[in-house]
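The values are calculated or read from the model by the stated rules, or taken from the named source; none is laboratory data. Bear in mind the structure is a predicted one, so any value in this text is a computation, not a measurement. For neighbour counting, all protein chains shown are included, and Cβ atoms are generated from backbone atoms with ideal geometry for every residue, glycine included.
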Amino acid sequence: MSQTNTSLLDEVVQWSQETCRQELKTVLPKLTSLHHQSDSWDDHIRILKIITDMFLPHIGFSELEEECFSKILPKAATMFETMIKELMDQAGGLSSQNTELCVLLRTILQAMMQIIDALSTCVRHVASFGEAPDVDAIRTLPTCVLKVLKETFQHCKDSEVVYCGRLSLVADLLQGLFKEAYSLHKGLLEMLDHITFDSSTSEEDVCDVVTVIHSLLDICSVISNLDIALHANTWKFLIKQSLKYQSLVEEHLHHSDISTSLCDNLLVSFHNSVELAEQIEQAGLQETRQSPEYKLFQKSAKMCRFFANTLVHYIKEFKFFLTKYCSRFHQLYLQIICKFSPSLCAPVLPKALSEELNAAALVPMEAFLLQLLPLRAFADVVLQQDLRLSPEHELPQCLLLVSLMGQLGCQPEEVLQLWFTGSQFSEETPRLPLYQAIFSSFRRCYTERRVPVLLPGVMLKGQAQAHVTLHQHICVRLCASVAMLPSLYFPVLECCLVDAVLQADTQTALLAIDVWCFTARYGTAELCLHHVLLIAQLVKVCTAQCYQLFHLGLLLRRMVFLMTPNHQMELVAQFPPSEAENLPVWQHVLLRALSQDARHRVEADVIAFIQKVVTDWQNGGYKLGQVDKVNVVLLSLLAVIRGQPSPEEQCVLSTVRVVSQLWFRMNSEQLQTHTVLQQTVQLLSSISAILVKQLEPQVICQALLCLDSVVSQKCADQLLLAAMEFLSSLGKIFVPPDSQIQILPKLSSMFGVFLADKSWLLHQHTLEAFSHFAENTNHEEVISQSLCVEETKTKVVNYLSKTVNAQEDVVSRLQRLKQETQVMKQHNEKLECSKENVSNQPEAATDEPCPKRARQETSAQEEYSRYIQTAESALKALLALTEGKANTSAPPPQWLDSRLQELQALITQISTVRHTT
């Protein structure tokens, strides 16, 4: 600086305030020119302080920008930036030994504080006018101040890294620098808060406001870890300014940056709160409310609540500018919900801390969803068909959908249509109907259903219900939604229910069945009838045993209970049991669900039909090709017997007669080669287990003879389970002494084989069946003879005493369930894939005639062999019975000799016919 200029500055600093006011017009231009030309930091700061301290108080409001701010502030901001750069370049060599460098750095920091002080003076001067400042009058001030503030806060934030562990040498000045910047920041916000716009607002003014908002957003990203209060107040002001000038700035704001920053800050504060709560739990400090950890947790939770509420408010005001970011909002919700119970990845927290977190994050999330509900873009994201989520987000997604469903009750028609109908046109983003999305999401929560996770139940008589499973939680809310569903969307609901019932996952189908039954009960009787007729028709057309038939049959069984007596009679009329094609329908109906008239009609028709089929089979020579028909009617007969608590006497007598006749037609040799006969034995075993008290001992002997061959050759599990059911039922009867020698050893032997089986499924059912038999039987010798092997005996004793051999820990069990989840998922997908492949077979294949089925009739030699074996078995049983009676005081019946003579005559006649032929 020249000598002349130095002399001017030396002279000016001696002036009074009055002299400065008088010489303002003459000297201020010279000073601003000198400030612009100055190269050294010292000269720059000296001139800046002279202008702001001595001349600024005398500059009129209308002249501030043109005469002062626009001339000195940009240079001040530039000089401040060079100081920051110098600090960054030199700080690496700082040490206690390098005193010269230490002095230099401290000098720079002091100079920076002087610049900030000068800027604070400018801000205070503008505020001193007591009137709302006009943007044109202070245009340069906010821009330069915000630039300096951002650089200051960033330097303070990076100080530990910048000063390489020698922060203590300059810590006092850095702390002072931060305080000065904090004060300047606060003053600037207060000043900006008083700015107003009138109707003549220019584009330049709007641009300035937008620049200020975006600069504050940049500062927020810097100060997030510096000071909680400063961070929160800056965000408050940012949102306040955005709303204050909403109509002017909404099209110019960087909504992506603002919404993303709010989401990120919410997540950071939320995760910090969770981590602090976990640390408090682990350290056992939850009862120490005055501990530093607890206070830090409260501050973090408070910030979490602040950002959650701020985000909700921002979305509420700018939602139509935020449609592009709905995917981010969706992920945010899932990331928060997965940290709360009942999510499997939620941490275990103290109750008090969990409640505070709930109030801070979970409660605002409901308002969060309410704001997003009308947005088509949000619906497209949440309801997309192939939503790929991580396993820990599957349950939150399900709860999200249920929560959205609960909020739809008070929404306008266009919102209901958006969520309930799904996408309607090909040009739309594919979108599932809400009900279908809920069923699909529930299906994907395999592990959560099996743990099972528990959720709070609904209020019941003014009190909160106990915790319920995910199935119950969703079912109650689905039914509540159905109850208020406008009739316009009822066809969509029906389609979703059908789709859910016909998919492979049984528990999802059960959920749909529960909702369907509620729909039938809540609707009219005519609606219930319509649905039952539809379901019955679907059952009828299912030609093979498949999971769809199982689900539909279960639905039909429950729906019949909801029909009126007249409508039940209409069902009988529409699907008369006397016709073979309708029997698959009645195999799934429990007779106790029917009115008395309908029950009698079904019972009579089924009994009459099976008698006819068995008679036709007998008259046709018991050909194997007719066994399928016999099995169909046996299945219906089983449904009749099982479907009522106490079948009528005539029904029981007719059934016993048919069952006895069929047992004697079963041949152990043919059972080994003909699967169709194994199904017959399976059905006979199940029916016999129900009617065991009415069966004659010789029928039981014949049944055990057949089942013994079944057990020895390891037939299908279904058949073995039916055999176990029959064995267990024998505990209800007392075997006559003359039959015990044929029945009891067989019983002990078969139980012994079953108990030694290695299959966990059969072994478990065997333990249940054997314990049931042991509880009821009078033949205790069967129990002891079945437990000849010590290992088997130990297993049975442990089962009866409910002894647990090994307790699986929670972590191992959860890991195992997750692994099994993948197996179940793949299995269900395989089932549905095979169904799809079958349904998509080329139609050309149907143009060709179906190949004739190979004859299943037996040769004459096979028929002779079967009949001889049956007769031989019966005669051997009769011989054993006679010998047993001979050793007791009870003589055989008097008619036995005459009947034996008749049999002898019959054998002679057969022999005579054979030789004649």
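Points worth noting:
- Across region 584-624, the number of residues qualifying as under 48 Å from the mean Cα position of the chain (by Cα), surrounded by fewer than 20 Cβ atoms within 10 Å (Cβ to Cβ) and aliphatic (A, V, I, L, M) comes to 3.
- Some residue of region 802-810 being surrounded by 13 or more Cβ atoms within 10 Å (Cβ to Cβ) and charged (D, E, K, R): no
- Residue-level analysis places V222 outside the set of residues that are more than 17 Å from A232 (Cβ to Cβ), touching a residue at least 40 places away in the same chain (Cβ under 8 Å), β-branched (V, I, T) and buried (at least 18 other Cβ atoms within 10 Å of the Cβ).
- Checklist (1) polar (S, T, N, Q); (2) farther than 14 Å from W41 by Cα; (3) in the same structural domain as L192 (by TED's automatic domain parsing) applied to T52, failing item: (3)
- The conditions of being touching a residue at least 60 places away in the same chain (Cβ under 8 Å) and touching a Ser or Thr at 6+ places or on another chain (Cβ under 9 Å) are not met by F420.
- Test: residue in region 336-350 that is of a type in the set (A, V, I, L, M, F, W, C), under 19 Å from V402 (Cβ atoms) and free of Cβ contacts under 8 Å to residues at least 12 places away in the same chain: yes
- Where F69 falls short, out of the listed (1) touching a Cys at 6+ places or on another chain (Cβ under 8 Å); (2) loosely packed, with under 14 Cβ neighbours inside 10 Å: (2)
- For region 159-217, the candidate set comprises residues that are free of Cβ contacts under 8 Å to residues at least 24 places away in the same chain and of a type in the set (S, T, Y); within that set, the residue that is surrounded by the fewest Cβ atoms within 10 Å (Cβ to Cβ) is S199.
- For region 326-344, the set of residues classified as basic (K, R) and more than 15 Å from L311 (Cβ to Cβ) consists of K339 only.
Residues checked against (1) among the acidic types (D, E); (2) in contact (Cβ under 8 Å) with a residue 40 or more places away in the chain; (3) part of a helix (DSSP H, G or I); (4) surrounded by fewer than 18 Cβ atoms within 10 Å (Cβ to Cβ):
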site	(1), (2), (3), (4)
A229	no, no, yes, yes
N233	no, yes, yes, yes
S259	no, yes, yes, no
Q282	no, no, yes, yes
R289	no, no, no, yes
F297	no, yes, yes, no
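- Per-region count, region 85-109, residues farther than 19 Å from G176 by Cα and touching a residue at least 60 places away in the same chain (Cβ under 8 Å): 4
- Filter pass, F80 being in the same structural domain as L216 (by TED's automatic domain parsing), touching an Asp or Glu at 6+ places or on another chain (Cβ under 8 Å) and over 18 Å from I195 (Cβ atoms): yes
- In this structure, G643 does not satisfy being more than 30 Å from L529 (Cα to Cα) and either surrounded by fewer than 19 Cβ atoms within 10 Å (Cβ to Cβ) or touching a residue at least 40 places away in the same chain (Cβ under 8 Å) (or both).
- Residue ID - nearest to I213 (Cα to Cα), chosen from residues in region 131-149 that are hydrophobic (A, V, I, L, M, F, W, C) and in a loop (DSSP other than H, G, I, E, B): I138
- Matching residues in region 336-353 - criterion: being part of a helix (DSSP H, G or I) and surrounded by fewer than 18 Cβ atoms within 10 Å (Cβ to Cβ): K351, A352
- Residues in region 389-417 that are farther than 20 Å from R328 by Cα and touching a helix residue (DSSP H, G or I) at 6+ places or on another chain (Cβ under 9 Å): 10 in all.
- Test set (1) modelled with pLDDT under 95; (2) within 23 Å of the chain's Cα centre (by Cα); (3) under 27 Å from D227 (Cβ atoms) - F368 fails condition number: (1)
- If you go through region 157-216 and keep only what is hydrophobic (A, V, I, L, M, F, W, C), assigned to a helix (DSSP H, G or I), over 19 Å from F80 (Cβ atoms) and out of contact with any Phe, Trp or Tyr (no Cβ under 7 Å at 6 or more places or on another chain), you end up with V161, L167, L169, A171, M191, L192, V206, C207, V210, I213.
- Residue in region 118-130 that is part of a loop (DSSP other than H, G, I, E, B) and at positive phi present: yes
- Count - residues of region 365-395 that are part of a loop (DSSP other than H, G, I, E, B) and of a type in the set (D, E, K, R): 2
- Per-region count, region 710-748, residues at pLDDT below 90, of a type in the set (S, T, Y) and more than 24 Å from P892 (Cβ to Cβ): 1
- Of all the listed residues (V209, V145), the sole one being at pLDDT below 95 and either in contact with a His (Cβ under 8 Å, 6 or more places away or on another chain) or aliphatic (A, V, I, L, M) (or both) is V209.
- Residue ID - surrounded by the most Cβ atoms within 10 Å (Cβ to Cβ), chosen from residues in region 672-722 that are assigned to a helix (DSSP H, G or I) and among the acidic types (D, E): D708
- For region 625-638, filtered to residues that are in contact (Cβ under 8 Å) with a residue 24 or more places away in the chain and surrounded by fewer than 23 Cβ atoms within 10 Å (Cβ to Cβ), the residue that is nearest to V613 (Cα to Cα) is K629.
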